[in-house]
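S.K.: Mind looking over this structure? Questions follow.
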Amino acid sequence: MDNPRQLLKQYLVRHRWAYLVSILSIILSEIVMVQFPHLLGEFTDALQAGRVDGRTLWHDTALLAVVGIGYVVLYGFGQMRNGMLGRQFEYELRRKLFLHWETLSTAYFRQRSIGDLLNHALNDVRSVRDALSGGLNILTNAVFLLASTLVMTFRTVSVKLTLVSMIPIVFVPFLVGWLGPRIRNATRQAQEALSDMADLTEESLTAIRLIKATANEEVEQRRFTERVDAIVRRQMGVFRRSALMQSLIPFMGSLAFVIALLYGGFLTITREIPLGSFVAFTLYLAMLITPLQEMGYVFNYFQRASASLQRLEVLLTEVPDIRDEPGAAPLGRVQGEVVIHLDAFTYPDGTHPALHDVRIRVRPGQTLGIVGRTASGKTTLVNLLPRIFDPPPGSVFIDGHDVRTVTLRSLREAISYVPQDGFLFSTTIGENIAFSKADATREEILEAVRNAAFTEVLETFPDGLDTLVGERGVTLSGGQRQRAAIARALLKDAPILILDDSLSAVDMNTEKQIIANIRRVRRGRTTLIIAHRLSAVRHADWIVVLEGGTVAEQGTHEDLLRQGGIYADMYRLQETEQGVTA
Ligand SMILES: Nc1ncnc2c1ncn2[C@@H]1O[C@H](COP(=O)(O)OP(=O)(O)OP(=O)(O)O)[C@@H](O)[C@H]1O
């Protein structure tokens, strides 16, 4: 597990030379810049003493131009390098975050909102990057500009004048210490409000069809307005405090300026310091105000980044609850025997068992049908096989191996799972199907498409397998999506295939065709089929009927009809319905 602070430290160490070069060039730029008032002071003295002729005028102007250009080049270079390094870290952090999320279980994502997670990935990572590029630039600039300016004033002007003028500036650190934590607090609240809004937006857009169909736009608009108002209120809090800090700090600088004019003016009149020194000093003081003001920005940058790092730390140190047990071994070649010997299974956030007393054995190569009323536990049961949710140890076995003791990767490679709502990514249909087998040939993909009875549909699309799906391409119906998902699973050709009600949206004829193809291509391979329509399971070698989380009946289609229980009732009912619809 990666701690973002450690990642940051490692990153800084790894790129220490690059940082050294950029920081050095910013420091050099400041050293060049602080020559400016000094040169101007000397020029003023020379002017006053009548020592300036055409040649010295050109010489001094050229010198000032060189100073200006030197500053721009060096500072620009350092700033650009820091900016690039910050971006690179931002990219690494986002990548780490994404890779880490991929290791977490579905239970984790049920508890968190996607909007909130996206907010972390965008805003928190960005504020760390800002501190690392903009923050570091300004900090280096401010510290060295302050230091060089002070050194120059001490060396070239009057120590007494410098010390007296600096009195108001001494208060700056106290100001920062007082306002800083308040800004951090307000920033955190504003970020939370932003997350809330992202949640609501995500939820509303996902459910846009429902909202429109039920004419609930106004309710959603009201909820959205409330959240936006909350964001504005909280952001106002941040702005008020930030503005106070960013104006008080330069105010201290201006106060120093007032003292300098008074006292410096007096020293010049009494000829304790030459006019050139007074001119140089006022310019130095103007220069001092900039780094002091920047200190305020720097402080904001680092405060925000520190709060973001804290939040990212919570995310990145989240230990996946479903992972390889110590000493987990790969599953090896799988014959396909599935044994479930489950006393009880309760969801992590559940109050009572979703499954209890389930005893099922599927021999290698057999087809098992799983039926039952809605919420009887069918999906829960098959989810335990690939460990989408973890079954208790010693309750689910593949080829005699407890699924809890084998590596997740080998376990999931041995299983093809087709969910009810086939999900398609925004890419081509071909790539969506080859998702399960990246190196599949076009012929293999087309074969899977044929077996999923998807060929005719594909032929109606403009570019066949290369047709884009989603926003920029075709929109597939529920039944078409299911068939694409079945093709994907068939292409994977895993030892165990699970169809989780994945024929629910196709018509009877298509279902018949697909089932016949599956029976042919899966001969000798284990297949588990969950279905509401009994026609999809009647040819299975064994059928279990779940009721209230346990096995109520089991046997072959004929056995179950003879038993005259739930299955027989369901069958009669469906036959009548088909009679009506036929
Ligand atoms: N992730 C979850 N967390 C907590 N409880 C859950 C979760 N998923 C399902 N359940 C609960 O477990 C029970 C069984 O649900 P399951 O989805 O397995 O039923 P099902 O037979 O597949 O239903 P359907 O035919 O409607 O798909 C239900 O009471 C459901 O509320």
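S.K.: Kindly evaluate Gln482 against the criterion of being part of a helix (DSSP H, G or I), polar (S, T, N, Q) and either buried (at least 20 other Cβ atoms within 10 Å of the Cβ) or touching a Gly at 6+ places or on another chain (Cβ under 8 Å) (or both). Spell out the reasoning first.
M.R.: Working: part of a helix (DSSP H, G or I): yes; polar (S, T, N, Q): yes; either buried (at least 20 other Cβ atoms within 10 Å of the Cβ) or touching a Gly at 6+ places or on another chain (Cβ under 8 Å) (or both): yes.
Considered against the rule, which asks whether it is part of a helix (DSSP H, G or I), polar (S, T, N, Q) and either buried (at least 20 other Cβ atoms within 10 Å of the Cβ) or touching a Gly at 6+ places or on another chain (Cβ under 8 Å) (or both), Gln482 comes out as yes.
S.K.: Counting residues that are farther than 18 Å from Ile360 by Cβ, touching a residue at least 12 places away in the same chain (Cβ under 8 Å) and within 16 Å of the ligand (Cβ to nearest atom), which helices (runs of 4 or more DSSP H) fully inside the stretch 491-582 reach at least 1?
M.R.: Working: elements: 508-521, 557-563, 566-581.
Result: 566-581.
S.K.: I've got another one for you. Within the stretch 106-125, identify whether any single residue is within 16 Å of the ligand (Cβ to nearest atom), of a type in the set (Gly, Ala, Ser) and open to solvent by 20 Å² or more (accessible area, probe 1.4 Å), and answer yes or no.
M.R.: Checking the stretch 106-125: at least one residue is within 16 Å of the ligand (Cβ to nearest atom), of a type in the set (Gly, Ala, Ser) and open to solvent by 20 Å² or more (accessible area, probe 1.4 Å).
S.K.: Out of all the residues in the stretch 28-39, is one or more within 19 Å of Gly134 (Cα to Cα), assigned by TED's automatic domain parsing to the domain that holds Ser148 and open to solvent by less than 30 Å² (accessible area, probe 1.4 Å)?
M.R.: Yes - at least one qualifying residue is present in the stretch 28-39.
S.K.: Could I ask something else about it? What helices (runs of 4 or more DSSP H) completely inside the stretch 55-143 contain at least 1 residues that are modelled with pLDDT under 85?
M.R.: Details: elements: 106-111, 114-119, 125-130.
Answer list for the stretch 55-143: 106-111, 114-119.
S.K.: What are the residues in the stretch 307-323 that are over 11 Å from Asp124 (Cβ atoms) and open to solvent by 20 Å² or more (accessible area, probe 1.4 Å), if any? Walk me through it before giving the result.
M.R.: Residues of the stretch 307-323 over 11 Å from Asp124 (Cβ atoms): 317-323.
If the condition is that a residue be over 11 Å from Asp124 (Cβ atoms) and open to solvent by 20 Å² or more (accessible area, probe 1.4 Å), then Thr317, Glu318, Val319, Asp321, Arg323 are the ones that fit.
S.K.: Residues being in contact with a helix residue (DSSP H, G or I) (Cβ under 6 Å, 6 or more places away or on another chain) and over 19 Å from Ser127 (Cβ atoms): count how many of those fall in the stretch 65-99.
M.R.: 8
S.K.: With the stretch 355-439 as the region, which strands (runs of 3 or more DSSP E) entirely inside it contain at least 3 residues that are open to solvent by 10 Å² or more (accessible area, probe 1.4 Å), in contact (Cβ under 8 Å) with a residue 60 or more places away in the chain and in the same structural domain as Ile515 (by TED's automatic domain parsing)? Even if it seems obvious, please write down each step before you answer.
M.R.: Details: elements: 355-362, 367-372, 396-398, 415-418.
By residue number, 355-362.
S.K.: Still on this structure, I have one more. Which of (1) surrounded by fewer than 17 Cβ atoms within 10 Å (Cβ to Cβ); (2) more than 22 Å from Ala438 (Cβ to Cβ); (3) touching a residue at least 12 places away in the same chain (Cβ under 8 Å) is the odd one out, the single condition Glu459 does not satisfy?
M.R.: (3)
S.K.: Let me ask something else about it. What tally of residues in the stretch 331-383 results from selecting those that are closer than 21 Å to Pro495 by Cα, of a type in the set (A, V, I, L, M) and more than 8 Å from the ligand (Cβ to nearest atom)?
M.R.: Of the residues in the stretch 331-383, 10 are closer than 21 Å to Pro495 by Cα, of a type in the set (A, V, I, L, M) and more than 8 Å from the ligand (Cβ to nearest atom).
S.K.: Given Arg182, Arg241, Arg188, which one is assigned to a helix (DSSP H, G or I) and under 26 Å from the mean Cα position of the chain (by Cα)? I'd like the intermediate steps shown before the answer.
M.R.: Details: Arg182 fails: under 26 Å from the mean Cα position of the chain (by Cα); Arg241 fails: under 26 Å from the mean Cα position of the chain (by Cα).
After applying the criteria, what remains is Arg188.
Residue-by-condition table, conditions (1) open to solvent by 70 Å² or more (accessible area, probe 1.4 Å); (2) among the polar types (S, T, N, Q); (3) more than 30 Å from Asp199 (Cβ to Cβ):
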| site | (1), (2), (3) |
| --- | --- |
| Ala213 | yes, no, no |
| Pro250 | no, no, yes |
| Gly265 | no, no, yes |
| Ile269 | yes, no, yes |
| Ile273 | no, no, yes |
| Gly276 | no, no, yes |
| Pro291 | no, no, yes |
| Glu294 | no, no, yes |
| Asn300 | no, yes, no |
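S.K.: Here's a follow-up. Restrict the check to the stretch 288-295 and report whether at least one residue is on the phi < 0 side of the Ramachandran plot and more than 38 Å from the chain's Cα centre (by Cα). If you could, list the steps in order and put the result at the bottom.
M.R.: Residues of the stretch 288-295 that are on the phi < 0 side of the Ramachandran plot, as a first pass: 288-295.
Keeping just the survivors that are more than 38 Å from the chain's Cα centre (by Cα) gives 288-289.
Checking the stretch 288-295: at least one residue is on the phi < 0 side of the Ramachandran plot and more than 38 Å from the chain's Cα centre (by Cα).
S.K.: Here is a follow-up. Residues that are over 27 Å from the mean Cα position of the chain (by Cα), farther than 19 Å from Asp124 by Cα and either outside the structural domain of Arg110 (by TED's automatic domain parsing) or open to solvent by less than 80 Å² (accessible area, probe 1.4 Å) (or both): does the stretch 226-235 have at least one? Please lay out each step first, then the result.
M.R.: So the first thing to find is which residues in the stretch 226-235 are over 27 Å from the mean Cα position of the chain (by Cα), and the list is none.
Among the residues of the stretch 226-235, not one is over 27 Å from the mean Cα position of the chain (by Cα), farther than 19 Å from Asp124 by Cα and either outside the structural domain of Arg110 (by TED's automatic domain parsing) or open to solvent by less than 80 Å² (accessible area, probe 1.4 Å) (or both), which makes the answer no.
Every residue, every condition in (1) touching a residue at least 12 places away in the same chain (Cβ under 8 Å); (2) touching a helix residue (DSSP H, G or I) at 6+ places or on another chain (Cβ under 7 Å); (3) over 30 Å from Leu275 (Cβ atoms), yes or no:
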position: Thr153; (1), (2), (3): yes, yes, no
position: Val157; (1), (2), (3): yes, yes, no
position: Trp178; (1), (2), (3): no, no, yes
position: Ala186; (1), (2), (3): yes, yes, yes
position: Met197; (1), (2), (3): yes, yes, yes
position: Leu244; (1), (2), (3): yes, yes, yes
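S.K.: May I pose another question? Before we move on, is Thr405 within 27 Å of the chain's Cα centre (by Cα) and away from the ligand (no atom under 16 Å from the Cβ)? Don't jump to the end; show me each part of the working.
M.R.: Details: within 27 Å of the chain's Cα centre (by Cα): no; away from the ligand (no atom under 16 Å from the Cβ): yes.
So Thr405 fails the test.
S.K.: Could you please find all residues in the stretch 316-334 being assigned to a loop (DSSP other than H, G, I, E, B), out of contact with any strand residue (DSSP E or B) (no Cβ under 8 Å at 6 or more places or on another chain) and of a type outside the set (Asp, Glu)? Step through it out loud before you land on a result.
M.R.: Initial filter on the stretch 316-334 (assigned to a loop (DSSP other than H, G, I, E, B)): 317-328, 330-334.
Filter once more, so that each one left must be out of contact with any strand residue (DSSP E or B) (no Cβ under 8 Å at 6 or more places or on another chain): 317-327, 332-333.
Within the stretch 316-334, Thr317, Val319, Pro320, Ile322, Arg323, Pro326, Gly327, Gly332, Arg333 qualify.
The values are calculated or read from the model by the stated rules, or taken from the named source; none is laboratory data. Because the structure is a prediction, the values reported are computed rather than measured. In this analysis, Cβ positions are derived from the backbone assuming ideal geometry, glycine residues included, and neighbour counts consider all displayed protein chains. What goes into the accessible areas is simple: the full protein's heavy atoms, side chains included, and nothing from ligands, DNA or RNA. Shrake-Rupley method; radii C 1.70, N 1.55, O 1.52, S 1.80 Å.
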